[in-house]
1. So between Y14 and R93, what do we pick up on full extension, going 0.36 nm a residue minus the alpha carbon distance?
2. Normalised radius of gyration for the chain, please: alpha carbon Rg relative to 2.2 N^0.38 Å, two decimal places.
3. State in Å² the accessible area per residue of the range 99-196; use a 1.4 Å probe, count heavy atoms of protein chains only, and round to the nearest integer.
4. As a test question: what accessible area, to the nearest 10 Å², does K284 have when a 1.4 Å probe is rolled over all protein chains in place?
5. Between A239 and F6, what is the FRET efficiency for a Förster distance of 22 Å, r being their Cβ-Cβ separation, to the nearest 0.05?
6. Name the residue farthest towards the positive end of the dipole of the chain from the options L301, F10, G104, assuming +1 on Cβ of Lys and Arg, -1 on Cβ of Asp and Glu, about the Cα centre.
7. Output the direction-averaged projected area (hull surface divided by four) of the convex hull of the alpha-carbon atoms of the range 150-193, in nm².
8. Tell me the carbon and sulfur percent of the accessible area for the range 182-253, rounded to whole percent, probe radius 1.4 Å.
Amino acid sequence: MSVPEFDLAFEPAYGRAVPIAPGVERLTVNNPSAFTFHGTNSYIVGGSSVAVIDPGPEDEAHFAALMAALKGREVTHIFVSHTHRDHSPLAKRLKEATGALTVGEGPHRAARPLHEGEINPFAESSDTDFRPDIALADGESVLGDGWQLTALLTPGHTANHACFALEGSGIVFSADHVMAWATTIVAPPDGSMADYMASLERLLARDDRRFFPGHGGPVMEPASFMRGLRTHRRMRERAVLERIKAGDRVIPDMVKAIYRDTDPRLHGAAALSVLAHLEDLVGKGQVETDGPPALFGTYRLA
């Protein structure tokens, strides 16, 4: 089994629409961070009549760049892959400016209810104001002038995450579900590891040629890359089980061992990823804990 080979080569070209495929342009927001890489990618699909995918955060320079790139073209739809604040908030302003309809799976929600006393560590990162004009079920499409985008519902990173397939092209806009530069953050209660793995299988069952993600450059060989992601997650799951066998009982101790070579700024997210694996392992009956799985819970093998 092989793990994914991540590709960190990417030129963000802030403020400029870059053609990346026939009828597809990319604009990258100047919001780099440990979580967004060089920034959030927005996409324009179509010719004289277009759709915008993931307009991005409320950012004045990016809004101006989008409007400049869209000048002289009709915008009919604004697609939102999921409701994190680096992807969806600018949809409201773009809709007001263009009259376009917003499209997505639905409003923000957690993958599961909060447990008693639990707080959502990513609550401030969530755009709870977004409500799509058109809510797409899995496999439903929107037709435009020379383009057709189909929703591929892929919960895991968030409960309402969707990828969008550009029919007839072999292209999927994979948002934060599959990215060439890094693994996806799966952080309960917003995210679910069981859902994420099922969503990977859902995309692996397809035969797509190229993924354009929410951050970084394209995934050029999606099937082999996703098989690598699946292997990586299974290795992480085994690592969690091995740490419990070795005597670790709490998540901070597991993180110190499993993520010892990871940027310390990401250890908080790593702890949530371990929690996501533990939720899945408890659900499968391989690990036990007292009460529901929690960030500060104590774990043991079943």
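1. 26.5 nm
2. 1.00
3. 38 Å²
4. Ignoring ligands and nucleic acids, K284 comes out at about 100 Å².
5. Approximately 0.75, to the nearest 0.05.
6. L301
7. 3.1 nm²
8. Taking all protein chains in place, the range 182-253 shows 47 percent carbon and sulfur surface.
The values are calculated or read from the model by the stated rules, or taken from the named source; none is laboratory data. Note that this is a predicted model, so its numbers are computed, not measured. Using ideal geometry, Cβ is built from the backbone for each residue, glycine included, and neighbour counts are taken over all protein chains shown. Only protein heavy atoms, including side chains, enter the accessible area calculation; ligands, DNA and RNA are left aside. Shrake-Rupley method; radii C 1.70, N 1.55, O 1.52, S 1.80 Å.
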